[in-house]
Amino acid sequence: MPVIAVRPAVSGEIEQILAIDPSAESRLTLIQSAVNHGECFVAEKNGVLLGYGVMNYGFFDRGFVPLIYVDTAHRRVGVATCLFDEFEVRCKTGRIFTSTNLSNLPMQAFLVSRRYVLSGVIQDLDEGDPEIFYSKRLR
């Protein structure tokens, strides 16, 4: 059985990213920059793009995952796990950070299952839906 492969995205895959993520168009500048800087990673199986994510060091020079998306048809089969495995291995800092909205209970449960801990809350990024930051010690 083929496994989910995670690797750096290439510019030719931006159209595929746009096709699976309905919000990608609004994040196109971030995605293009991340691809160009080797910060965007795709998860694929049998040549099919299942999801993608971005890890960079723009959060106080710490490893930070500002974006992860898994195609709705491929959720709950380990795609996010594979992406986060890759981010944690590649992270050059001793702690990695990410965030999600308070309303995103599945993502919060996922992060807790990976031993991420609450690091803080920021109000007013999305009206009425605070951003919750998590971190995980890697070394």
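Readers should treat all values here as calculations from the given coordinates under stated rules, not as data from a laboratory. Predicted model only: the values in this text are computed from it and were never measured. All Cβ positions, even for glycine, are placed from backbone atoms using ideal geometry, and neighbour counts span all protein chains on display.
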- Message: I want the antiparallel fraction of DSSP beta bridges within segment 1-122, as a percent rounded to 5.
- Response: 85
- Query: Where in segment 47-93 are there chymotrypsin sites (Phe, Trp or Tyr not before Pro) that are in a DSSP coil and have at most 10 other Cβ atoms within 10 angstrom of their Cβ?
  - Reply: PHE60
- Task: Could you check which residue among ILE122, ILE31, ILE96 shows the biggest mean-square fluctuation in a GNM of the chain with a 10 Å Cα cutoff?
- Result: ILE122
- Message: Suppose the chain between VAL48 and GLU15 were pulled fully straight at 0.36 nm per residue; how much longer would it get relative to their current alpha carbon spacing?
- Response: 10.6 nm
- Query: Which loop-located trypsin sites (Lys or Arg not before Pro) does segment 1-105 contain, where loop means any DSSP state but H, G, I, E or B and the Cβ has at most 14 other Cβ atoms within 10 Å?
  - Reply: ARG75, ARG76, LYS92
- Query: Which value in nm describes the separation of the simple spin-label points at TYR57 and VAL121, placed 7 Å from the Cα toward the beta carbon?
  - Reply: 3.2
- Note on the structure: Here D for segment 5-137, in µm²/s, from Stokes-Einstein with a Kirkwood Rh over Cα pairs at 25 °C and 0.890 mPa s, works out to 163
- Message: Can you give the FRET efficiency to the nearest 0.05 for ALA73 and SER103, using r as the Cβ-Cβ distance and R₀ = 35 Å?
- Response: 0.95
- Could you give the size of the charge dipole of segment 5-137 about its Cα centre, using +1 on the Cβ of each K and R and -1 on the Cβ of each D and E, expressed in debye and rounded to the nearest 20? 720
